[in-house]
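As C-alpha cells, the structure follows; a few thoughts come after it.
The values are calculated or read from the model by the stated rules, or taken from the named source; none is laboratory data. Quick caveat, the model's predicted, so the values are computed rather than measured. Backbone-built Cβ (ideal geometry, glycine too); neighbour counts: all protein chains shown.
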Amino acid sequence: MQYILLADYHDNDFFALKFYPKPFRKSTKKYSLITNRGDLGNIVITCLKVIPLLLEKYPTASFGFAGARSFDPVNKKKNKKGKTIGRWEQLEENQRFKVYSAIVRKRIGDITFQHFIYKEISAYMLINRKCKNVDLKETIIKIMLSATYNHFSNR
C-alpha cells in the first residue's frame, strides 16, 4: 500500500508530520481508519527520515505529530470505565500515539531535539535545541498549535 506523507509547515519553523494510506485520501477519516497491515512501524521510521532532509533547508526546525484516534467501522470501543463510546478510540494515549512515541524515543536522540510528550492529547513535539530558549519555543509553538488544531488547546 502506498502512503502520503505531509510535512505541514507552520510559523516558528515548525513542521507537523502526518501520513495516511493513499486509498483513503478522499476520506474525512483518512488519518483514523485502520488498515490492519502491520506496517505502522516501518511507515513511522520512513516519516522520521524526512527530518534530516528538512533540517538541511530549515536548520532550526522543530517537529511534531499527533496520534489520530482510530476509527473502526466494525467494532465498538469502550472507555476505561467499560462504557461504550462508539467506534472512535479515546484521545488520551491512543494506540497510534503509543507506537509513534516509542519509535521516536528510540530513533531520535536528545542531542538535536528536546522531547515533549502530551499524553492527554496523544501528541509529541521535538523542539530544536538550536533555539536559545527551548521551553519558550515549546510554549510559543503550543499556543500556535492551539489556534490551528482545536484539541491542542485542551491541554
How many residues does the stretch 2-61 hold that are loosely packed, with under 13 Cβ neighbours inside 10 Å, among the basic types (Lys, Arg) and under 28 Å from Asn128 (Cα atoms)? 2
Breaking point among (1) outside any loop (DSSP other than H, G, I, E, B); (2) in contact with a strand residue (DSSP E or B) (Cβ under 7 Å, 6 or more places away or on another chain); (3) over 30 Å from Gln114 (Cα atoms), for Pro23: (2)
Hey, any hits in the stretch 14-22 for a residue that's hydroxyl-bearing (Ser, Thr, Tyr) and within 30 Å of Ile111 (Cα to Cα)? yes
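Across the stretch 111-140, what is the total count of residues that are within 21 Å of Leu91 (Cβ to Cβ) and either at pLDDT below 90 or not in a helix (DSSP H, G or I) (or both)?
Kept after step one, since they are within 21 Å of Leu91 (Cβ to Cβ), are these residues of the stretch 111-140: 115-126, 138.
From the residues that got through so far, the ones that are either at pLDDT below 90 or not in a helix (DSSP H, G or I) (or both) too are 115-126.
Of the residues in the stretch 111-140, 12 are within 21 Å of Leu91 (Cβ to Cβ) and either at pLDDT below 90 or not in a helix (DSSP H, G or I) (or both).
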All but one of (1) in a strand (DSSP E or B); (2) modelled with pLDDT of 90 or more hold for Ile85; state the number of the condition that does not hold. (2)
Of the conditions (1) at pLDDT 85 or above; (2) under 16 Å from Leu5 (Cβ atoms), the single one that Leu40 does not satisfy is (1)
Show the residue pairs meeting these rules: Cβ distance below 8 Å; 6+ apart or different chains; first residue within the stretch 7-33 and within 15 Å of Tyr100 (Cβ to Cβ); second residue in a loop (DSSP other than H, G, I, E, B) and of a type in the set (Lys, Arg). Tyr20/Lys30; Ser32/Arg69
State whether the residues of the stretch 69-87 include one that is under 24 Å from Leu145 (Cα atoms) and under 12 Å from the mean Cα position of the chain (by Cα). yes
